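The structure appears right after this line, and notes come after that.
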DNA sequence: TGACAGTTCAAACGCGTGTTTGAATTATGC
DNA sequence: GCATAATTCAAACACGCGTTTGAACTGTCA
């Protein structure tokens, strides 16, 4: 209806191609690659079933195209550092990383589908996961690892860095992976922008306190005491077998 | 071959029924309900394709049966408290809860399939999820919530309890949901029993330190200061937008 | 206007799925 | 031992999937 005056803003071919990518992003993000059907994608794109074959070749090729397309947009909208300079304090960079992660997870606009696609790859991997790990996840892991290493201070054990990084990032991934459960357990829970900021606050302070304690514990064995006022010695509970 | 002397230890019908449940547990746990095929389950059970229909009715009914069967076994092998008394210190109970959770996740014996089945339900829910939330997840959430509430001390904000519980449990779920990624990022990482204990140690101390800090922060606003030596005021970083 | 390439369309193909069938086989009870 | 029920089996059915097809449509240039 709206396209009467300018029947070809772009070539009609490019339009359907774009519509397929966007509909594909939506469907793949919602139900995953395996459960997504070409018919549903074409229906949402307003295109014929054969359009996927004509424009991309097959479903796999469309999926790769969708992944590549949203990779660029997601990184553009939510860079890892969210505008915080790399020489900013590690605490600030951690908070920026976590906010970026959460915003990506809870963003329901089309720009955020990439994060959901990747989360789905983690659980039901396709052949595209190997490339995703190298191109997207490894850089994120190194980025976070750098922050954690600085927070731990000194020359921390690589395994400690890894464990702490996992502990941090897992708190974000939880809200994406387990949304069906969370919404059933706490139906009243809404994820408004303010709630997301509270969530980022919580995860940031939760993680900072924990990492500080890891740092302290790790150093106890080697050095006298880090330059802190007076930390109450953290007890390490052990289940009495 | 071994069953020559006693061709019917049980009725042969009950045997195939049991074989189907166990094969179903394996296949459902490996690839999820949607991707599991009746043919593969029957092949592993050494049964005919029609056996599922004959003994259970359809694939959905078999799935529910599998879920119910392993529910009992998993709770028996890995109770929430792992033998730690409910009047034990909260720190000890937290560690028991986390060890139980991790052991369930990394246990590759058939007793542990239930945990994997539930984890899969979280991500790709079937109609069975509602019952699972009520029967399994809610009790776990309440169990953990009780521990966290005690660790926070006083009369903590329910939202704080929820956020901390999520932060704790997410660190365990991560290792189940993201194993494909973890194994690609760190191929050398193995999850031996000793590694799992180290992991439980890490998550326990990480969480304990973080919860303590939450407790401190939450009380600052209302009461003078909790009975602690002298806590260095935790700064809350904010990204300077 | 008319040939032509680019694009869309409804229909169908081949395949794998869960399910069903009716005969063959095995166990059970008199 | 034999009729009867319970169980297993190979084969097929109905359906949805990704993919392919050949005709119909659309816009372009001479």
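Considering only residues that are assigned to a helix (DSSP H, G or I) and either closer than 19 Å to residue B:205 by Cα or within 16 Å of DNA strand D (Cβ to nearest atom) (or both), which ones fall in the range B:54-66? Let's see the steps before the verdict.
In the first step, residues of the range B:54-66 are kept if they are assigned to a helix (DSSP H, G or I); the result is B:54-55, B:59-66.
Correct list: B:54, B:55, B:59, B:60, B:61, B:62, B:65.
Go through the range A:42-53 and count every residue that is more than 7 Å from DNA strand D (Cβ to nearest atom) and outside any helix (DSSP H, G or I).
Within the range A:42-53, the first condition is being more than 7 Å from DNA strand D (Cβ to nearest atom), and the residues that meet it are A:42-48, A:51.
If we keep only those that are outside any helix (DSSP H, G or I) too, we end up with A:46-48.
Looking only at that region, the number is 3.
Name the one entry in A:139, A:89, A:79 that is under 30 Å from residue A:208 (Cβ atoms), surrounded by fewer than 19 Cβ atoms within 10 Å (Cβ to Cβ) and touching a residue at least 40 places away in the same chain (Cβ under 8 Å). Explain how you work it out, then say what you get.
On the way: A:89 fails: touching a residue at least 40 places away in the same chain (Cβ under 8 Å); A:79 fails: touching a residue at least 40 places away in the same chain (Cβ under 8 Å).
On inspection, the qualifying residue turns out to be A:139.
In this structure, is residue A:90 within 14 Å of chain B (Cβ to nearest Cβ) and closer than 21 Å to residue A:18 by Cβ? Walk me through how you get there before you give the answer.
Working: within 14 Å of chain B (Cβ to nearest Cβ): yes; closer than 21 Å to residue A:18 by Cβ: no.
So residue A:90 does not fit the description; no.
Only one of (1) facing chain A (nearest Cβ under 9 Å); (2) touching a helix residue (DSSP H, G or I) at 6+ places or on another chain (Cβ under 7 Å) is not met by residue B:198, so which one is it?
Against the list (1) facing chain A (nearest Cβ under 9 Å); (2) touching a helix residue (DSSP H, G or I) at 6+ places or on another chain (Cβ under 7 Å), residue B:198 comes up short only on (2).
Would it be correct to say that residue B:181 is touching a helix residue (DSSP H, G or I) at 6+ places or on another chain (Cβ under 7 Å) and at pLDDT 95 or above?
Working: touching a helix residue (DSSP H, G or I) at 6+ places or on another chain (Cβ under 7 Å): yes; at pLDDT 95 or above: no.
For residue B:181, the condition - touching a helix residue (DSSP H, G or I) at 6+ places or on another chain (Cβ under 7 Å) and at pLDDT 95 or above - is not met.
Tell me whether the range A:19-41 contains one or more residues that are within 14 Å of chain B (Cβ to nearest Cβ), buried (at least 16 other Cβ atoms within 10 Å of the Cβ), away from DNA strand C (no atom under 16 Å from the Cβ) and part of a loop (DSSP other than H, G, I, E, B).
No - not one qualifying residue is present in the range A:19-41.
Any idea which of B:148, B:181, B:133, B:161 is in contact (Cβ under 8 Å) with a residue 40 or more places away in the chain and crowded, with 20+ Cβ neighbours inside 10 Å? Give the steps one after another, and end with the answer.
Values: B:181 fails: in contact (Cβ under 8 Å) with a residue 40 or more places away in the chain; B:133 fails: in contact (Cβ under 8 Å) with a residue 40 or more places away in the chain; B:161 fails: in contact (Cβ under 8 Å) with a residue 40 or more places away in the chain.
Result: B:148 is the single residue among B:148, B:181, B:133, B:161 that is in contact (Cβ under 8 Å) with a residue 40 or more places away in the chain and crowded, with 20+ Cβ neighbours inside 10 Å.
Of the residues A:173, A:163, only one is within 19 Å of residue B:188 (Cα to Cα) and within 9 Å of chain B (Cβ to nearest Cβ); which? Lay out the reasoning, then the answer.
On the way: A:173 fails: within 19 Å of residue B:188 (Cα to Cα).
The match here is A:163.
With respect to residue A:61, determine if the residue is under 25 Å from residue B:35 (Cα atoms), without any contact (Cβ under 8 Å) to a residue 12 or more places away in the chain, more than 15 Å from DNA strand C (Cβ to nearest atom) and more than 14 Å from chain B (Cβ to nearest Cβ).
Numbers: under 25 Å from residue B:35 (Cα atoms): yes; without any contact (Cβ under 8 Å) to a residue 12 or more places away in the chain: yes; more than 15 Å from DNA strand C (Cβ to nearest atom): yes; more than 14 Å from chain B (Cβ to nearest Cβ): yes.
Against the criterion (under 25 Å from residue B:35 (Cα atoms), without any contact (Cβ under 8 Å) to a residue 12 or more places away in the chain, more than 15 Å from DNA strand C (Cβ to nearest atom) and more than 14 Å from chain B (Cβ to nearest Cβ)), residue A:61 qualifies.
Which count do you get for residues in the range A:104-125 that are within 11 Å of another protein chain (Cβ to nearest Cβ), more than 12 Å from the chain's Cα centre (by Cα) and either under 18 Å from residue A:73 (Cα atoms) or buried (at least 18 other Cβ atoms within 10 Å of the Cβ) (or both)?
Our first condition is that a residue be within 11 Å of another protein chain (Cβ to nearest Cβ); within the range A:104-125, this holds for A:118-125.
Still in the running and more than 12 Å from the chain's Cα centre (by Cα): A:123-125.
Within this subset, residues satisfying the condition of being either under 18 Å from residue A:73 (Cα atoms) or buried (at least 18 other Cβ atoms within 10 Å of the Cβ) (or both) are A:123-124.
Residues flagged as within 11 Å of another protein chain (Cβ to nearest Cβ), more than 12 Å from the chain's Cα centre (by Cα) and either under 18 Å from residue A:73 (Cα atoms) or buried (at least 18 other Cβ atoms within 10 Å of the Cβ) (or both) within the range A:104-125 amount to 2.
What about residue A:49, is it surrounded by fewer than 17 Cβ atoms within 10 Å (Cβ to Cβ) and either within 16 Å of DNA strand C (Cβ to nearest atom) or at pLDDT 95 or above (or both)?
Numbers: surrounded by fewer than 17 Cβ atoms within 10 Å (Cβ to Cβ): yes; either within 16 Å of DNA strand C (Cβ to nearest atom) or at pLDDT 95 or above (or both): yes.
The answer is yes for residue A:49.
Looking at (1) more than 16 Å from DNA strand D (Cβ to nearest atom); (2) surrounded by 13 or more Cβ atoms within 10 Å (Cβ to Cβ); (3) within 14 Å of chain A (Cβ to nearest Cβ); (4) modelled with pLDDT of 80 or more, can you tell me which one residue B:69 breaks?
Answer for residue B:69: the failing condition is (3).
Just to be sure before I move on: is residue B:216 part of a helix (DSSP H, G or I), modelled with pLDDT under 95 and within 7 Å of chain A (Cβ to nearest Cβ) in the structure I sent?
On the way: part of a helix (DSSP H, G or I): yes; modelled with pLDDT under 95: yes; within 7 Å of chain A (Cβ to nearest Cβ): no.
No, not satisfied.
So how many residues does the range B:126-141 have that are at the interface with another protein chain (Cβ under 10 Å from one of its Cβ atoms) and more than 23 Å from residue B:202 (Cβ to Cβ)?
The number of residues fulfilling the criteria is 7.
The values are calculated or read from the model by the stated rules, or taken from the named source; none is laboratory data. All figures in this text were calculated on a predicted structure; none of them were measured in a lab. Using ideal geometry, Cβ is built from the backbone for each residue, glycine included, and neighbour counts are taken over all protein chains shown.
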